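Asker: Please read through the structure below; I'll follow up with questions.
The values are calculated or read from the model by the stated rules, or taken from the named source; none is laboratory data. Since this is a predicted model, take the numbers as computed values, not measurements. Every residue, glycine among them, receives a Cβ derived from its backbone with ideal geometry; neighbour counts consider all protein chains shown. Just so you know, the surface numbers come from the protein's heavy atoms only, side chains and all, with ligands and any DNA or RNA stripped out. Shrake-Rupley method; radii C 1.70, N 1.55, O 1.52, S 1.80 Å.
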Amino acid sequence: MPIHIVDDEALITEFLSKALRQHSNQISCFQSGIDYLSHLHSDDYVEPRLIITDVRMPGIDGFELIKRIRASQSNVKIIVMSGYHNLPES
């Protein structure tokens, strides 16, 4: 099953993709929450085993992305990450 990584930092997605290759050969990276939602609603979408998302991204942040993913599918596992030590409360 695929693993999806959503982060606007190319170095982060590249690092995570390489680190996770031993767990899946189907890793897809998305540069924004908007890109991911477009994929989510496409005919090519296959539910992943795991979604890893950044919190702070332009457009749709990670928290909003999770809400929208949960509205479409509630069983996928999601890991949230951030490079910031203080996050906005939601």
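Asker: State the number of residues belonging to the stretch 12-65 that are at negative phi and in a loop (DSSP other than H, G, I, E, B).
Answerer: 23
Asker: Which of the residues spanning the stretch 56-74 are open to solvent by less than 70 Å² (accessible area, probe 1.4 Å) and free of Cβ contacts under 8 Å to residues at least 40 places away in the same chain?
Answerer: Residues satisfying the conditions are Ile60, Asp61, Phe63, Glu64, Ile66, Ile69, Ser72, Gln73.
Yes or no, residue by residue, for (1) within 22 Å of Asn75 (Cβ to Cβ); (2) at pLDDT 95 or above; (3) basic (Lys, Arg):
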site	(1), (2), (3)
Ile3	yes, yes, no
Asp7	no, yes, no
Ile12	no, no, no
Ser28	yes, yes, no
Ser32	no, yes, no
Asp61	no, no, no
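Asker: If you take the residues of the stretch 22-55 that are open to solvent by 40 Å² or more (accessible area, probe 1.4 Å) and touching an Asp or Glu at 6+ places or on another chain (Cβ under 8 Å), which of them is farthest from Asp8 (Cα to Cα)?
Answerer: Within the stretch 22-55, the match that is farthest from Asp8 (Cα to Cα) is Cys29.
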